[in-house]
Each structure stands twice: as structure tokens, then as C-alpha cells.
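In what follows, a structure is listed as C-alpha cells, so that the remarks can point back to it.
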Amino acid sequence: MRAALAVVLLLLLGGARDPILVPEVSQHEVLLRQGFTGTELLLFGAVLNPEGTRAAQEYDIIVVLKGPTHSIVVREKQKVAGIWINAESTEFRSAPSYYAIASTRPISEIVDEKTAAIYELGLEWLQLSPIGAIEPDEQLRFSQGLVGLNAKNGLYRQEESAVKVSEQVLYQARIALPSSVPIGVYTAETFAVSDGRVVASASSTVEVRKIGLERAIADFADQHGLFYGLLAVIVSVAMGWLAGRLFALV
């Protein structure tokens, strides 16, 4: 009798109905070689009951692939006397180097604004954390500028209705990585949502790293920034001198 009452209480509290997620990624390591033109990751997995059986209902699924965060200065350009110059600027403390989100349907139809903000579900809900005092309107302008620029370069993307769910169990979504994808450890997180509430989440990681000549150059630039800058200037001057000599001989 007590056992039956405990089961009923669990059902009323919703604990027994909450699913578990078993996420996976097609590649846990992306290697950037010479001539890398981009790639595509498949984020997939299963939605199961706590007992390991097929979920009793269909859930909305949201997947987020997020790169390492870093601080960045955003500068606004203004045209003065026909010349574009730097005007106002602001610095954000925690801008993701890459951000992609895919969902079974539009985010606004899955969760409310509060939940979207808490879990950063969508480009407009990224918590960029500006440094210093800034007016809300100005912060919004710079935030939208940063998001728009990264979206144009393929580093930020939002693909609604891009997650496919089969038989209430298997889900999958394809996320594109551009050729300019930054290196670092990425987090691939999956959310299961029911009636506007996140009922389960799980994550895995993907490492993006350079190999070969690209890695050697990157390591040298990080460890010997001054010498790398001087070498870059010397190479540029040498190439300019060589080009001038070649044109002089024509």
C-alpha cells in the first residue's frame, strides 16, 4: 500500500515522467588542416523514460553547439567627410566564439522569454555581459551588431525546425561549421522541453584544433607574439619589394 502511494506521489510530482537524454555527436574532434573548407556535425541521440524504454510522449528538442567564450571589443563605424572611422565602442566579457541552435520548431513556440533567457536559447538571448556602465539601448545596439556580424560570417546561426524526431525516441540535427571556425573545446547541449518547461538536459563536447603547419604557426604566434609580428612585417615588405621588381622587369 505504501509503495503504491509512493508511486502515485512521484507521478503527481512529475519525477517519473521526466525523460532522460542520451546525446551523441558524429565527431568529437574536428581537425583543421590546410585547405579546410568547413564541415558538418551531426548531433543526435535518444529520448527515453527513466527505465530505458521509449518516452511516453513526444518532447520538443533543442540542441545548442557553443564554442569557448572570450572578451571582445565591438566598435561602431561612422562616415565622416567621406571616410569611415571608428566611433563609439563597448567591450563584452563573455561572447561565445561560435554559437548554433537548432530546434524542432520556433523557440518562441517552445518556451517563454524567461526560460529562453535562463538557458540562452536563441541569438537574442545570449548573455554577452558588457564591461562597464552602458545604457540599455546602446547595449542592445552593440549586441545586435555583434550577433549580426557573426551571423554573416557563419559563426552564429539559428535554425528553427531543423531537429528531426523519429518515433518519439531518436532525434538528430545537422550543424555546419565554417572554414573560419575558432579552435577550442565546444559544448554540445541537448534540451527536452514539455509544456514550456525544460524537463531534461545533457551535454557532450567537441574539440576543434589545428594540426600540421597551421598549428605550428598558431603556436608560434601565441608564444612569441612580438617576433611573429616582426616576421609578418618583414615578409610583407619582402613580398612587396619582390612584386615591384617583377613588374619593373615586365
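Residues in segment 169-190 that are of a type in the set (S, T, Y) and open to solvent by 20 Å² or more (accessible area, probe 1.4 Å): 3 in all. Output the residue which, of all residues in segment 167-196 that are of a type outside the set (G, A, S) and outside any strand (DSSP E or B), is farthest from T39 (Cα to Cα). Here the residue is D195. Filtered by the rule that a residue be within 25 Å of V193 (Cβ to Cβ), small (G, A, S) and assigned to a loop (DSSP other than H, G, I, E, B), segment 127-166 gives S161, A162. Among the conditions (1) part of a helix (DSSP H, G or I); (2) open to solvent by 50 Å² or more (accessible area, probe 1.4 Å); (3) touching a residue at least 60 places away in the same chain (Cβ under 8 Å), the only one that K114 does not satisfy is (3). Considering only residues in segment 147-168 that are of a type outside the set (S, T, N, Q) and more than 15 Å from Y98 (Cβ to Cβ), the one that is least open to solvent (accessible area, probe 1.4 Å) turns out to be V163. Residues of segment 131-144 that are open to solvent by 30 Å² or more (accessible area, probe 1.4 Å) and out of contact with any Asp or Glu (no Cβ under 6 Å at 6 or more places or on another chain): G132, A133, I134, E135, P136, D137, E138, Q139, L140, R141, Q144.
Can you confirm whether E120 is open to solvent by 30 Å² or more (accessible area, probe 1.4 Å) and on the phi > 0 side of the Ramachandran plot? Spelling it out, E120 is indeed open to solvent by 30 Å² or more (accessible area, probe 1.4 Å) and on the phi > 0 side of the Ramachandran plot.
Report yes if R105 is part of a loop (DSSP other than H, G, I, E, B) and of a type in the set (D, E, K, R), otherwise no. Against the criterion (part of a loop (DSSP other than H, G, I, E, B) and of a type in the set (D, E, K, R)), R105 qualifies. Within segment 131-144, residues that are closer than 21 Å to H70 by Cβ and modelled with pLDDT under 80 sit with their Cβ atoms under 8 Å from residues that are of a type outside the set (D, E) and not in a loop (DSSP other than H, G, I, E, B), at 6+ positions apart or across chains, in these pairs: G132/T90; I134/T90; I134/F142.
Looking only at segment 188-207, decide whether some residue is at negative phi and either out of contact with any strand residue (DSSP E or B) (no Cβ under 9 Å at 6 or more places or on another chain) or at pLDDT below 90 (or both). Yes - at least one qualifying residue is present in segment 188-207. Those strands (runs of 3 or more DSSP E) of segment 10-100 in which at least 2 residues are modelled with pLDDT under 85, under 22 Å from L146 (Cα atoms) and open to solvent by 50 Å² or more (accessible area, probe 1.4 Å), considering only elements entirely within it, cover 69-80, 83-96.
The values are calculated or read from the model by the stated rules, or taken from the named source; none is laboratory data. Please read all numbers here as calculations on a predicted model, not as lab measurements. Here the Cβ is made from the backbone with ideal geometry for all residues, glycine too, and neighbour counts use every protein chain on show. The area values use the complete protein model at the heavy-atom level, side chains included, leaving out ligands, DNA and RNA. Shrake-Rupley method; radii C 1.70, N 1.55, O 1.52, S 1.80 Å.
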